[in-house]
Amino acid sequence: MNSRERVLRAFGKIKGTPDRVPIQFEMCRQLYEHFAKELEIPATYTENLYEDVTYRISANELRLAMGCDVVVTGASVSDNFKIKPNEKGQWYNEYKMLMRQGDIYVEVVDYPLAQAETKADIEAFSFPDVDAPGRFRDAEALVKKYKNDYLIIGDIEVTVFSLAHQLAGMEKLLIDMMMQTEYVVPLFQACAEFQTQIGLRLIEKGVDALWFGDDFGTQQSLIMDPDTFRTQLKPIYSKMIERFKQANSSIIPILHCDGAVAELLNDIREIGFEVFNPVQPGVPGHLPDDMKKGFGDKFAFWGAIDQQDLLPNGSDEELEKDIIEKIKILGKGGGYMISPAHIIQNDVSPERVLKFIQLCKKHGKY
C-alpha cells in the first residue's frame, strides 16, 4: 500500500482500513536545515504570502524521505515581490501588513485595514494578484512529481477569519463583529473570495484536498459567540466549499482550527469539512474519547500530538504512551492521520523528531 492509498483510506475516501496510521509533520527552518544536511537532501522553500505558512508547504522532498505520507503545497509569493526590510528589520508582505519576526512566529506590527469602518473601505483595498508570475510554479511541479504516490494537500491557511484579523487587528475585529460594524462581513467575504481563487487554482493544478486554517478557540473556550460564528462566518465557508466541490466533486475540505472548539464541530461538519485538524490536545472537549465518540462519524482526525510541552519536554516513555493512546482511540477502525498539533519548533531536538516518527510507525500498524 503506498502513501496515497493509505491516506485516502484513513480519510474514508476509499473503502478499507489502511495498513497503518499515516504520518504527517512539518518543522521550523532550523530543523529542516539540520535534516537536510544530515540526509543530504536539499530543503526547498516555497515562500508563502503569509510568512509562517511557508513551513507548512516547504521541504516536501525532505519530509517524504523522513516518513511523511502527504505532500503539502500552496501559493508562493510573486516573482515580482521582494522583501525590503527597514532599519528595524521590519518589512511589508504582499498583503501590505508590516511584519516583524517574533520569538517563534511572525507578528503584524501595522494592520493595513486598522481604520476600516465601511464596505467602501474594503472595496478600496487591493488583495495580491492571484495570477502573479510564479504563484503556483512549485505546486504544479509537486503535483506532477508526486500525485501517483502521495495525497497532495493544497494549503490555503490564514483563510477568512485569521486573514481578516491580520488585516484589521484582532481586538478591533472582535469588537466590530459584536457591534456588527458595516465593514466586517464585506471583509470576510473579500478574504474568502481571494482564498477561493487561490484554492481554485490549486484544484486546477491537481491537488486532492484543500486545507483551510482559521482559529476560533483559545486554550479554554471559543474566541467568539457561537451565534456570531453562525451568522457572520458559517455561510461564507459553506459557499467556499460549494465552489470547490463544483470545481472538483472529490476534493477533500480540511479545517485547521486551534483551541477549544468542540462546541462548533457540528457546525463545522455542516459547512462541509471532512477532516478536522489539529485536534489540539489539552483543551476542554478534546479528549480522544470525546472526539471519537462524539464526532468520529463526522470527521477523519489529523493531529492530536502535543508540540507545546510533550514533544520538547516529555520523556520518550511519555511520548510513546501518548502516541499509543491517540492511535488506539482516534485511529480505531481508521479515520486518523497522526501528527503534532502544529509546526515542530527548535525546542524539539532532532533526536525527538526521529523518535516521534519511529514510534508512530511502530505502534500505527493495523
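Here, each number is a calculation from the coordinates, and none is a lab measurement. Note that the structure is a prediction, hence the values are computed from the model and not measured. A quick note on method: Cβ atoms are made from the backbone with ideal geometry, for glycine too, and the neighbour counts reach across all protein chains shown.
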Exercise for the section: Would you mind pulling out the separation of the Cα centroids of segment 159-187 and segment 226-245, in Å? Expected result: 15 Å
Handout entry: About the Cα centre, charge dipole magnitude for segment 143-248 (Lys/Arg +1, Asp/Glu -1 at Cβ), debye
Key = 520 debye
Completion exercise
One finds the C-alpha centres of segment 335-365 and segment 68-120 to be spaced, in Å, by 29 Å
Handout entry: For the chain, the fraction of alpha-carbon pairs in successive 10 Å shells from zero, as %
Key = 5, 25, 35, 26, 8, 1
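For segment 1-152, what is the charge dipole size about the Cα centre, in debye to the nearest 20, if Lys and Arg each add +1 at the Cβ and Asp and Glu each add -1 at the Cβ?
Rounded to the nearest 20 debye, it is 680 debye.
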Practice task
Taking the convex hull of the Cα atoms, report for segment 172-231 its projected area averaged over all directions, in nm².
Solution key: 5.3 nm²
Practice task
Given a cut-off of 22 Å, name the pairs among Lys293/Lys332; Lys145/Lys326; Lys37/Lys326 whose C-alpha atoms lie farther apart than that in the structure shown.
Solution key: Lys145/Lys326; Lys37/Lys326
Exercise for the section: In debye, nearest 20, what is the charge dipole magnitude of the chain about its Cα centre with +1 on Lys and Arg Cβ and -1 on Asp and Glu Cβ, if you could check? Expected result: 1460 debye
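Could you please report the charge total around Val77, scoring K, R as +1 and D, E as -1 over all other residues with beta-carbon less than 10 angstrom from its beta-carbon?
Charge balance in the 10 Å sphere: -2.
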Fill in the blank from the handout: Taking a straight Cα-to-Cα line shorter than 18 Å from Lys365, and setting aside same-chain aspartates and glutamates fewer than 8 residues away, one finds Glu5, Asp19, Asp69, Glu320, Asp322, Glu325
Handout entry: Positive-end extreme of charge dipole, segment 250-321 - chosen from Phe295, Pro284, Gly314 (charges on Cβ)
Key = Phe295
Handout entry: Bins of 5 Å from zero: percent of alpha-carbon pairs in segment 57-188
Key = 2, 9, 15, 16, 16, 15, 12, 8, 4, 2, 0
Exercise for the section: Give me the number: length gained by fully extending Asp110 to Lys362, i.e. 0.36 nm times residue separation minus the C-alpha to C-alpha distance, one decimal in nm. Expected result: 86.0 nm
Exercise for the section: Kindly work out what percent of the DSSP beta bridges joining two residues of segment 72-195 are antiparallel, to the nearest 5. Expected result: 65 percent
Handout entry: Out-of-range pairs (alpha-carbon distance over 30 Å; input Lys82/Lys144; Lys147/Lys245; Lys13/Lys234)
Key = none
Fill in the blank from the handout: Note, segment 155-170: 3J(HN,Hα) by Karplus (6.51, -1.76, 1.60, θ = phi - 60°), whole Hz, Gly/Pro = x, goes 9, 10, 4, 6, 8, 10, 4, 5, 5, 4, 6, 6, 8, 10, x, 4
Completion exercise
Per GNM of the chain with C-alpha springs under 10 angstrom, the most fluctuating residue out of Ser76, Ser162, Ser315 is Ser315
Fill in the blank from the handout: For the chain, the longest principal axis of the Cα atoms and the Cα long axis of helix 350-363 enclose an angle in degrees, to the nearest 10, of 60 degrees
Exercise for the section: Rank these for me by crowding, Arg29, Arg352, going from fewest to most other beta carbons within 10 Å. Expected result: Arg29, Arg352
Completion exercise
Per the helix-only model, the chain has a calculated mean residue ellipticity at 222 nm (DSSP H runs of ≥4, -39500 (n - 2.57) each, divided over all residues, rounded to the nearest 500) of -11500 deg cm²/dmol
Handout entry: Calculated diffusion of segment 36-81, Stokes-Einstein form, Kirkwood radius summed over Cα pairs, 4 °C and 1.567 mPa s, µm²/s
Key = 115 µm²/s
Problem - DSSP-defined beta bridges in the chain - what % are antiparallel, rounded to 5 - result: 25 percent
